Amino acid sequence: MIAVTGANGQLGRLVLAHLADITDQPIRALVRTPAKAKELESDRISVVRADYNDPTSLPDALNGVSRLLLISGAEVGNRTAQHAAVLSAAKDAGVSFIVYTSLLNTPASSLVLAEEHKDTERLLTESGIEHVILRNGWYLENFEGKIAAALEHGAVVGASGEGMFSAAARNDYAEAAARVLAGEDLSTRILELGGQPGFSLAALAAELSGQAGRTIPYQNLGEQDYAGVLKTAGLPEGFAKALADADRGAAEGELFNPSTQLEDLLNRKTKPLAEFIAETLAELKSSAA
């Protein structure tokens with residue numbers, strides 16, 4: 001049996017859909033609140049409670065599972081303990097193969113968001129369980145808010161300088177995870193995944209300008225100033241600092257990797273930046289109508 005943690009999240013739901021298409025194995029969707037995920041159930045997919053913050057929920061949830069996708073938790077600061085609890089329960093349950101969603105260039109990364117991924121990668125190695133680490137790059141969807149703000153204020157604002165992002169659509173990463181999880185290669189390995197080609201925020205601004213029909217420049221700020229802009233826009237202080245720190249890391253090359261492993265897994269190109277911007281503009285226009 002295949003199981004997916006965080007299955008009611010944006011990435012998890014997409015992974016479930018791809019798994020249902022590519023494998024005949026039974027699938028177990030592990031969620032914090034099953035009552036909120038009833039629509040995930042089907043003749044192929046069962047929904048079971050598994051709360052990262054409640055280790056007692058994990059043994060039953062993982063009973064009978066042979067392959068597990070551990071989608072990294074969203075509670076920055078608590079993720080190492082959460083992931084450790086899942087890995088401990090998985091080992092006790094006899095899970096033989098684990099796929100984990102990590103962060104691009106984790107070992108060399110200085111991003112605040114990388115620390116708990118480093119911890120989890122170490123725990124996976126220590127577990128002795130065969131595993132694949134999917135070091136995912138930035139999601140294209142992370143730029144949706146930046147595009148909306150740029151249209152409103154007339155500039156793309158960030159702190160990444162000329163740094164490049166190897167970004168791909170959430171659905172690209174989800175399909176890759178499903179393919180690895182259901183695939184024949186159950187060996188331990190690490191995959192650096194990101195969209196190609198990479199792009200800078202200046203390139204994003206140029207593409208946005210062309211599609212919007214007006215000049216929208218890129219305005220580069222210092223890390224602290226950018227965090228302040230994000231906080232003023234309504235983001236919680238901790239999240240604003242994490243995003244500004246990510247831009248700082250991007251300026252230093254930490255969110256770029258020339259690897260084509262994502263496209264190799266998908267056997268196709270990842271979603272282009274231009275297509276993503278066109279879709280985002282259409283969605284913004286539709287929501288404003």
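The values are calculated or read from the model by the stated rules, or taken from the named source; none is laboratory data. None of the values given here were measured: they were computed from a predicted structure. Using ideal geometry, Cβ is built from the backbone for each residue, glycine included, and neighbour counts are taken over all protein chains shown.
All conditions but one from (1) more than 18 Å from Gly9 (Cβ to Cβ); (2) at pLDDT 95 or above apply to Tyr100; the one that does not is (1). A count restricted to the range 256-288 and to residues that are without any contact (Cβ under 8 Å) to a residue 24 or more places away in the chain and hydroxyl-bearing (Ser, Thr, Tyr) stands at 2. Thr260: under 22 Å from Ala206 (Cα atoms) and not basic (Lys, Arg), yes or no? Taking the combined requirement at face value, the residue does not satisfy it.
Does the range 167-179 include one or more residues that are in contact with a Phe, Trp or Tyr (Cβ under 6 Å, 6 or more places away or on another chain), surrounded by 17 or more Cβ atoms within 10 Å (Cβ to Cβ), closer than 26 Å to Pro272 by Cβ and aliphatic (A, V, I, L, M)? The answer is yes; a qualifying residue exists. I want to confirm something. Restricting to the range 164-184 and keeping residues that are in contact (Cβ under 8 Å) with a residue 40 or more places away in the chain and among the charged types (D, E, K, R), which single residue is farthest from Ala251 (Cα to Cα)? Result: Arg179. The residues of the range 1-43 that are of a type in the set (Val, Ile, Thr) and within 18 Å of the chain's Cα centre (by Cα), listed by number, are Val4, Thr5, Val15, Val31. Among helices (runs of 4 or more DSSP H) entirely within the range 1-99, having at least 3 residues that are surrounded by fewer than 19 Cβ atoms within 10 Å (Cβ to Cβ) singles out 10-22, 79-93. Do we have Ser110 as among the small types (Gly, Ala, Ser), buried (at least 22 other Cβ atoms within 10 Å of the Cβ) and outside any helix (DSSP H, G or I) here? Taking the combined requirement at face value, the residue does not satisfy it. Of all residues assigned to the range 184-194, none qualifies as being assigned to a helix (DSSP H, G or I) and surrounded by 17 or more Cβ atoms within 10 Å (Cβ to Cβ).
Checking each residue in the range 270-289 for being loosely packed, with under 13 Cβ neighbours inside 10 Å and among the polar types (S, T, N, Q) picks out Ser286, Ser287.
Every residue, every condition in (1) at pLDDT below 95; (2) closer than 21 Å to Val132 by Cα; (3) of a type outside the set (A, V, I, L, M); (4) in contact with a strand residue (DSSP E or B) (Cβ under 6 Å, 6 or more places away or on another chain), yes or no:
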site	(1), (2), (3), (4)
Leu181	no, yes, no, yes
Ser187	no, yes, yes, no
Ile190	no, yes, no, yes
Ala206	no, no, no, no
Tyr218	no, no, yes, yes
Lys231	yes, no, yes, no
Leu243	yes, no, no, no
Phe276	no, no, yes, no
Ala282	no, no, no, no
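Residue-level check: of (1) part of a strand (DSSP E or B); (2) free of Cβ contacts under 8 Å to residues at least 24 places away in the same chain, Val157 misses just (2). Figure legend. Inter-residue proximity from the range 92-112: first residues closer than 18 Å to Leu58 by Cβ, second residues surrounded by fewer than 19 Cβ atoms within 10 Å (Cβ to Cβ) and of a type in the set (A, V, I, L, M, F, W, C), beta-carbon distance below 6 Å, spacing 6+ or different chains. Indicated pairs: Phe97/Leu186; Ile98/Ile129.
Criterion applied to Gly158, Gly128, Gly137 was being more than 30 Å from Thr188 (Cβ to Cβ) and either buried (at least 23 other Cβ atoms within 10 Å of the Cβ) or out of contact with any strand residue (DSSP E or B) (no Cβ under 6 Å at 6 or more places or on another chain) (or both), and the one residue passing it is Gly158.
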